[in-house]
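The values are calculated or read from the model by the stated rules, or taken from the named source; none is laboratory data. Not measured: the values here are computed from a predicted model. When we count neighbours, we look across all protein chains shown, and the Cβ atoms used for this are built from the backbone with ideal geometry, even at glycine.
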Amino acid sequence: MKRTVFGIFFLIALTYSLNAQTLLNGLVRDFEFKKITEGTYSRNNLKISDIQGSPYLDEDFSPGKITTNDGTIYTEIPLRYNAYSDDMEFQKDKDSYNIDPKTIVKRAEFGGLIFSYLQYDENAKSKSSFFEILTEGKATLLVRYTVKFLEKEAVKAFVDPKPARFEEAQKEYYISFDGAPAKLITNKKNLLELFGTQKTEMESYISKNKLSVKGDDALTKIVVHYNSL
């Protein structure tokens, strides 16, 4: 009996693994992605292993799901996000690939996060980037991550120079209304203006609940309330 049960679980695990591998092969085949080769950073041609910190939100790949703009879904894809280069990466046979063009990604879901490649406004110009989606509705709250790379500091007397390093990922919050290009949330006044005709109601809600316009939790509560109106 124990052997029978073990055999059943083994077959289920094998089938699951083969299905995941088939989906992964399909993703590579359908879009002909190229492998990532270890490049260099900075004028000193440093490899990533020579640099402190990380360009990734999480260096480990997490099983995830990709939905393309034509509605095709690929599941059990090992994914991670490079916030320095703004690249979504996946792994196959221990090789890493960039998803390129990025515009094919409608949604990438992994590690409890949901990302989408969207347009946003910056200095009156339209640009595109990967955003984490915090909450969705007529208004969608988004996070754009950035990581800065800093060169090794020059040697100074009596001071140890800081090594080349990636700074910790920083968050910028954006909001998109009805699928329009996302706009940066800079402060309370700016956010209230973005709410348009609901400005008075939203100002009252924020004040009554003593909410800031910083941080995932507070902003999510604000946008969820707006979407309920």
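Quick notes
- Subset of region 149-184 (residues that are without any contact (Cβ under 8 Å) to a residue 40 or more places away in the chain and assigned to a loop (DSSP other than H, G, I, E, B)): Glu153, Ala154, Val155, Ala157, Phe158, Asp160, Pro161, Lys162, Gly179, Ala180
- Residue satisfying condition, being touching a Phe, Trp or Tyr at 6+ places or on another chain (Cβ under 7 Å), at pLDDT 95 or above and not assigned by TED's automatic domain parsing to the domain that holds Met88, within set Leu219, Leu191: Leu219
- Filtered by the rule that a residue be loosely packed, with under 13 Cβ neighbours inside 10 Å and free of Cβ contacts under 8 Å to residues at least 12 places away in the same chain, region 191-211 gives Glu193, Gly196, Thr197, Thr200, Ser204, Ser207, Lys208, Lys210.
- Among the candidates Asp121, Asp100, the residue that is of a type in the set (D, E, K, R), part of a loop (DSSP other than H, G, I, E, B) and at negative phi is uniquely Asp100.
- Residues located in region 145-184, provided they are on the phi > 0 side of the Ramachandran plot and at pLDDT below 80: Phe158
- The single condition among (1) over 17 Å from Tyr226 (Cβ atoms); (2) surrounded by fewer than 17 Cβ atoms within 10 Å (Cβ to Cβ) that Ala180 does not satisfy is (1).
- Subset tally (residues that are touching a residue at least 40 places away in the same chain (Cβ under 8 Å) and assigned to a loop (DSSP other than H, G, I, E, B)) for region 103-114: 1
- For region 168-217, a tally of residues being among the charged types (D, E, K, R) and over 19 Å from the mean Cα position of the chain (by Cα) returns 9.
- Verdict on Ser116 being of a type in the set (Ser, Thr, Tyr) and either surrounded by 18 or more Cβ atoms within 10 Å (Cβ to Cβ) or under 28 Å from Pro63 (Cβ atoms) (or both): yes
- Pick from region 85-97, criterion in a loop (DSSP other than H, G, I, E, B) and either over 11 Å from the mean Cα position of the chain (by Cα) or not assigned by TED's automatic domain parsing to the domain that holds Ile114 (or both), ranking: nearest to Glu167 (Cα to Cα): Ser85
- Scanning region 73-99 for residues that are loosely packed, with under 15 Cβ neighbours inside 10 Å and acidic (Asp, Glu) yields Asp93, Asp95.
- One residue from Lys152, Lys171, Lys162 being touching a strand residue (DSSP E or B) at 6+ places or on another chain (Cβ under 6 Å) and either closer than 19 Å to Tyr84 by Cβ or surrounded by 12 or more Cβ atoms within 10 Å (Cβ to Cβ) (or both): Lys171
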